[in-house]
Amino acid sequence: MTQPYVRWRFPFGVVAVLSLLAGCSTTPPTRFYALEAVAAPQSMQAARDGRPGTTVAVRTVALPAAVDRPQFVVRASDARLNLDEFNRWAGPLRDEIARVVAGNLAAELGTPVVTVSTALPSASDLVVLLDVQRFDAKSGEGVEVDVVWIVRRALDEPQGRSGRSVVREPAGGAGYEALVAAYNRALARASRDIAAAVRAY
């Protein structure tokens, strides 16, 4: 016996809801951000003060656990942080910071060889240790970077010269790219303080 042909008709509202759910299932693209050294090369006199041939190794020894993660972290209030799964750092943040400080120091000092190290190197003349106390961003406002740093002679000097750089930079625009640019400027200012300590040697 032939079954009767049944034609289903969905109410318009059901079709609209299904279409909306299908659109919501689309995952937004993940964006990756990298910090950049932005210190301007110094004059020839500054380069001479940097003592050509001096080698410097930079290492980030500490970073707040709240921001030591792949996701971009934005402070919503004094007590609340927002983690953005779809906006991330291109590499480990502590490595990014060390790399940028090394690039800034190379520009500030002129000719010394500045490298990034994951351990305490004995081959370099000077070692820069970075203890990052704060690395905060507020969307639409700006960033705050608080770095305690030590400059010392490789491994044979227990104390060295230490200092602290607390830098606040306005975002100058909306979005994550503006915050990354503010971080770049803040690290450049902190690197300037570190470069002065390196020159003292």
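Scanning the stretch 158-176 for residues being modelled with pLDDT of 95 or more and more than 14 Å from Glu108 (Cβ to Cβ) gives a total of 7. With respect to the numbered conditions (1) modelled with pLDDT under 90; (2) in contact with a Phe, Trp or Tyr (Cβ under 8 Å, 6 or more places away or on another chain), which one is the sole condition not fulfilled by Leu155? Tallying (1) modelled with pLDDT under 90; (2) in contact with a Phe, Trp or Tyr (Cβ under 8 Å, 6 or more places away or on another chain), Leu155 fails exactly one: (2). When restricted to residues that are outside any helix (DSSP H, G or I) and among the aliphatic types (A, V, I, L, M), the stretch 134-191 contains 13. Residue check: Ala196 meets all listed conditions (1) crowded, with 17+ Cβ neighbours inside 10 Å; (2) farther than 21 Å from Arg31 by Cβ; (3) of a type outside the set (S, T, N, Q) but one, namely (1). Being at pLDDT 95 or above and closer than 16 Å to Ala197 by Cα: is that true of Val148 here? Considered against the rule, which asks whether it is at pLDDT 95 or above and closer than 16 Å to Ala197 by Cα, Val148 comes out as yes. Of the set (1) without any contact (Cβ under 8 Å) to a residue 40 or more places away in the chain; (2) surrounded by 15 or more Cβ atoms within 10 Å (Cβ to Cβ); (3) under 17 Å from the mean Cα position of the chain (by Cα), all apply to Gly160 but (3).
So that you can scan it fast, the table gives a plain yes or no per residue for (1) hydroxyl-bearing (Ser, Thr, Tyr); (2) surrounded by fewer than 21 Cβ atoms within 10 Å (Cβ to Cβ); (3) without any contact (Cβ under 8 Å) to a residue 12 or more places away in the chain; (4) closer than 18 Å to Ala62 by Cα:
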{"site": "Val114", "(1), (2), (3), (4)": "no, no, no, no"}
{"site": "Leu129", "(1), (2), (3), (4)": "no, yes, no, yes"}
{"site": "Val132", "(1), (2), (3), (4)": "no, no, no, yes"}
{"site": "Val151", "(1), (2), (3), (4)": "no, no, no, yes"}
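Can you spot a residue in the stretch 152-167 that is of a type in the set (Gly, Ala, Ser) and under 24 Å from Tyr33 (Cα atoms)? Within the stretch 152-167 (the criterion being of a type in the set (Gly, Ala, Ser) and under 24 Å from Tyr33 (Cα atoms)), the answer is yes, since at least one residue qualifies.
The values are calculated or read from the model by the stated rules, or taken from the named source; none is laboratory data. This one's a predicted model, so the numbers in the text were calculated from it and none came from an experiment. For neighbour counting, all protein chains shown are included, and Cβ atoms are generated from backbone atoms with ideal geometry for every residue, glycine included.
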